[in-house]
1. Please determine whether any residue of the range 101-116 is in a helix (DSSP H, G or I), closer than 27 Å to Tyr23 by Cβ and either basic (Lys, Arg) or in contact (Cβ under 8 Å) with a residue 40 or more places away in the chain (or both).
2. Keeping to the range 117-134, report how many residues are within 16 Å of ligand 2 (Cβ to nearest atom) and not in a strand (DSSP E or B).
3. Quick one: which residue in Ser48, Ser123, Ser83, Ser40 is within 16 Å of ligand 1 (Cβ to nearest atom) and assigned by TED's automatic domain parsing to the domain that holds Glu151?
4. Looking at (1) surrounded by 13 or more Cβ atoms within 10 Å (Cβ to Cβ); (2) at pLDDT below 95, find the lone condition where Leu110 falls short.
5. Kindly provide the set of residues from the range 113-139 that are at pLDDT below 90 and among the aliphatic types (A, V, I, L, M), ordered by number.
6. Which ones in the range 102-147 are touching a Cys at 6+ places or on another chain (Cβ under 6 Å), among the small types (Gly, Ala, Ser) and farther than 15 Å from Ile82 by Cβ?
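The values are calculated or read from the model by the stated rules, or taken from the named source; none is laboratory data. Given the structure is predicted, the values throughout are model-derived calculations rather than measurements. Glycine gets a Cβ as well: all are built from the backbone with ideal geometry, and neighbour counts include every protein chain shown.
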Amino acid sequence: MIRVLRFSWGRLQRRAMTHYAVYGNVTIVRTFCEECERWSLVLDGEKSCCGKELTKEPTYRKRMSCPERKRQPLTPTMKNAISRRQGGRCYYCRKKMGECFFVRCKPIWLRAHYDHIEPFAYSQNNSLDNFAMSCQLCNLWKNDRMFYSVEEVRTYVRRKWGEKTPREG
Ligand SMILES: [Zn+2]
Ligand SMILES: [Zn+2]
């Protein structure tokens, strides 16, 4: 009896090493990376910990609860570091902070917002690498939808910019 139980437990654990993680209505592949010895999300087929390709296929779905861990507030020094890394430009539309654009005939000066690249609720990743500076417009447009990659966000905001500022050269 005990042997049977132990066998099933082991099988269950191996099966659980790669699975679909369901967060609310969002499903992301999650895997235990043996090299990094940590749980990691798989984005675009790559593990978010080390960028290595995922070879196993997920076999089952697991409903996750989103623990409400405290978000880390960014200090001015951290914000400066992020801004420097991006050359003072928005991570998504690459326009420069402080520049003025006419949106529906109204002048708008781009202001910096700081946000997680991988949503914090899913990744729990508070490291500086997971933060991006974006302008208030990209930030607003981006928050309307769920995206699966940074490229997808960039394509989307490029379209939005085209719609909102048609005469912009
Ligand atoms: Zn890894
Ligand atoms: Zn932008």
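1. no
2. Taking the range 117-134 first, the residues within 16 Å of ligand 2 (Cβ to nearest atom) are 117, 131-134.
When the remaining residues are screened for being not in a strand (DSSP E or B), the result is 117.
Residues flagged as within 16 Å of ligand 2 (Cβ to nearest atom) and not in a strand (DSSP E or B) within the range 117-134 amount to 1.
3. Answer to the selection: Ser123.
4. (2)
5. Ile117, Ala121, Leu128
6. Result: Ala121, single match.
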